[in-house]
Amino acid sequence: MIYIPITSARSGMVLAKSISAPNGMFALLQSGEELTDPIIEKLAAHRIDGIYVEMYGSDDIEPKSIIPPEKKLKLTAEIRDIYSKYYTQPYISRSAVESTRRIAETIVDCVLDREEYLMNMMEIKGYDSYTYSHCLNVSVLSIMLASEMGINRNKLDDIALCALMHDIGKVDIPIEIIGKNGPVTESEFAVIKTHPEKGVERLRKCHNVSREVLYGIQSHHEKIDGSGYPYGYKGVHIPIFGRILAVADVYDALTSHRSYRKAWLPNEAIEYIVAGSDSHFDQEIVQLFMHLVCAYPEGCIVRLSEGSSALVVKNYSENVLRPKVRLIEDSTLGHRGMEIDLLEDYDASNLTIKSILSGGDDSASIDSIVNQPANKHL
Ligand SMILES: [Fe+2]
């Protein structure tokens, strides 16, 4: 399968990965379904940026998810139910925390059982279900980071719980501010900056929430150089859960479609995190992060530095910037279908990936690649 921007989708293509509905409750479209013009229009209306479709010669490419799609659908719906309780009750009950903890434990089980190591943020995300899928993704990435740091199982459950509730204080921020389309004013931002404290306030009376979870929620917007909020803590004075959450939270937010901007591509968001290493983010955590996420997810089409287009077929945790690729056009590098291992092939040491083709200016190139005759197989 290959990943294409929605603008390159054509009637007759076959969907290779299911897409969940905006409310996260059911599958909007099942894999195997043939696309029609009305379906493509519906996906675009739901602001789905891209989809996985079947393409002759790419059957062996199957990006795996850390959380299987059906489980993800179920977990997102459960998080949504929990959040609806948070919204309607003035305080968070012990039973609501217990329900959230059960979801957290399930996510930890999935992460610890995973076969695939890298996290692919090019997974299709429903724009409207942002809050719930964001909580889930932040939780998955936080658990992966914490697990790499050797943190024990009990604490992994705690960080998962912390990630699921990190923005709980936003429940108490007026909707006109938190739901505003576009930039906020200085005074509105001052109100938004109270959400870590408001979250802790809501949970403080729950005796079944550990201090580490409260500290994590309180400090997820602190920055290593002291320029964050609410307290401007620096370096190791920022609790470890807060430092982990900061990386996971920003990475998922950047790679998600928001009302005021398109989702960043995974490689762009990784670059942002790396650039913020030691100013915004903890350097050691960024180093671990660099081995856990796909910069160029399997199935996406990339432009190589030499100019030709290629399909990403395999990622390596040793170096997420140098996957194995397959040429999708004849070029000076070789014939269509030839594979180049950017990590292992000595001859490819000067070759780099320039960009992910993602629509916009690249639309014509992508169209010519994905809409070529089926017999021109890879
Ligand atoms: Fe936050």
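The values are calculated or read from the model by the stated rules, or taken from the named source; none is laboratory data. All values derive from a computational prediction rather than experimental measurement. Here Cβ is always computed from backbone atoms with ideal geometry, including for glycine, and neighbour counts include all displayed protein chains.
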Exercise for the section: Report yes if Gly199 is in contact (Cβ under 8 Å) with a residue 12 or more places away in the chain, more than 30 Å from Asp330 (Cα to Cα) and either within 14 Å of the ligand (Cβ to nearest atom) or surrounded by fewer than 22 Cβ atoms within 10 Å (Cβ to Cβ) (or both), otherwise no. Expected result: yes
Exercise for the section: Look at the stretch 238-275 and say how many of its residues are without any contact (Cβ under 8 Å) to a residue 40 or more places away in the chain, within 16 Å of the ligand (Cβ to nearest atom), small (Gly, Ala, Ser) and surrounded by fewer than 23 Cβ atoms within 10 Å (Cβ to Cβ). Expected result: 0
Problem - Number of the exception - Glu188 against (1) under 17 Å from Tyr91 (Cα atoms); (2) more than 13 Å from the ligand (Cβ to nearest atom); (3) surrounded by 16 or more Cβ atoms within 10 Å (Cβ to Cβ) - result: (1)
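At least 2 residues that are surrounded by 21 or more Cβ atoms within 10 Å (Cβ to Cβ) and at pLDDT 80 or above in each: list the strands (runs of 3 or more DSSP E) lying fully within the stretch 1-111 that qualify.
2-5, 50-53
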Exercise for the section: Out of Asn181, Asn208, report the one residue that is more than 16 Å from the ligand (Cβ to nearest atom) and farther than 30 Å from Leu43 by Cα. Expected result: Asn208
Problem - Residue in the stretch 152-173 that is out of contact with any Pro (no Cβ under 8 Å at 6 or more places or on another chain), within 16 Å of the ligand (Cβ to nearest atom) and more than 18 Å from Val97 (Cβ to Cβ) present - result: yes
Exercise for the section: Kindly list, by first and then second residue, each pair from a residue in the stretch 57-78 that is without any contact (Cβ under 8 Å) to a residue 12 or more places away in the chain and of a type outside the set (Ser, Thr, Tyr) to a residue that is crowded, with 17+ Cβ neighbours inside 10 Å and part of a loop (DSSP other than H, G, I, E, B), limited to pairs with Cβ atoms under 9 Å and residues at least 6 apart or on different chains. Expected result: Glu70/Ser18
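Name the residue, out of Lys180, Lys198, that is basic (Lys, Arg) and touching a Gly at 6+ places or on another chain (Cβ under 7 Å).
Criteria check complete, one pass: Lys198.
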Problem - Enumeration of residues in the stretch 267-296 that are under 21 Å from Lys314 (Cβ atoms) and of a type in the set (S, T, N, Q) - result: Asn267
Practice task
Within the stretch 288-307, identify whether any single residue is within 30 Å of Glu54 (Cβ to Cβ), in a loop (DSSP other than H, G, I, E, B), under 17 Å from the mean Cα position of the chain (by Cα) and of a type in the set (D, E, K, R), and answer yes or no.
Solution key: yes
Problem - Of all residues in the stretch 212-224 being under 23 Å from Pro90 (Cβ atoms) and free of Cβ contacts under 8 Å to residues at least 40 places away in the same chain, the one that is nearest to the ligand (Cβ to nearest atom) - result: Gln218
